[in-house]
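A.B. asks: Have a look at this one before I ask anything.
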Amino acid sequence: MTCQQPAAPSGTYLQFAGAEYSIRDIEQRVRAAWHESAGEDARISRLRIYIKPEEQRVYYVVNNRDSGSLPLDPPVPAK
């Protein structure tokens, strides 16, 4: 019998021009911004996020019809 190890925490990051951005944080911000405009009860069935660090913007499309953008938060210095 083998002992199952708990899953190690993981994360995905974008590194650009000496800065690091958490993809999880970006997705949470996008979801919060969309729910603020669409309402807390609104459902997301499809979410597409486009990150353009050279523009310092995050663009998103929700349910193939609603779209918007957010500023890319100030980055955490890359490790």
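A.B. asks: Could you grab the relative contact order for the chain? Cα pairs under 8 Å, six or more apart, rounded to a whole percent.
C.D. replies: Value for the chain: 26 percent.
A.B. asks: List the residues whose amide H sits under 5 Å from the amide H of Gln56, counting only those 5 or more places along or on another chain, with H placed 1.01 Å from N in the peptide plane.
C.D. replies: none
A.B. asks: Which whole-Hz couplings ³J(HN,Hα) result when phi for each residue of the stretch 44-61 is put into the Karplus expression 6.51 cos²θ - 1.76 cosθ + 1.60, θ = phi - 60°, listed in order with x for Gly and Pro?
C.D. replies: Calculated HN-Hα couplings, in order: 9, 9, 8, 10, 10, 10, 10, 9, 10, x, 5, 9, 6, 9, 10, 10, 8, 10 Hz.
A.B. asks: Among (i) 13.3; (ii) 14.3; (iii) 13.0, which one is Kirkwood radius over Cα pairs in Å computed from these coordinates?
C.D. replies: Matching the structure shown: (ii).
A.B. asks: Let me ask something else. Take the Cβ-Cβ distance between Ala32 and Ser10 as r, set R0 to 22 Å, and report the resulting FRET efficiency rounded to the nearest 0.05.
C.D. replies: 0.50
Just so you know, all these numbers are worked out from the coordinates, no wet-lab data involved. None of the values given here were measured: they were computed from a predicted structure. Cβ sites come from the backbone with ideal geometry, for glycine too, and all protein chains shown count toward neighbours.
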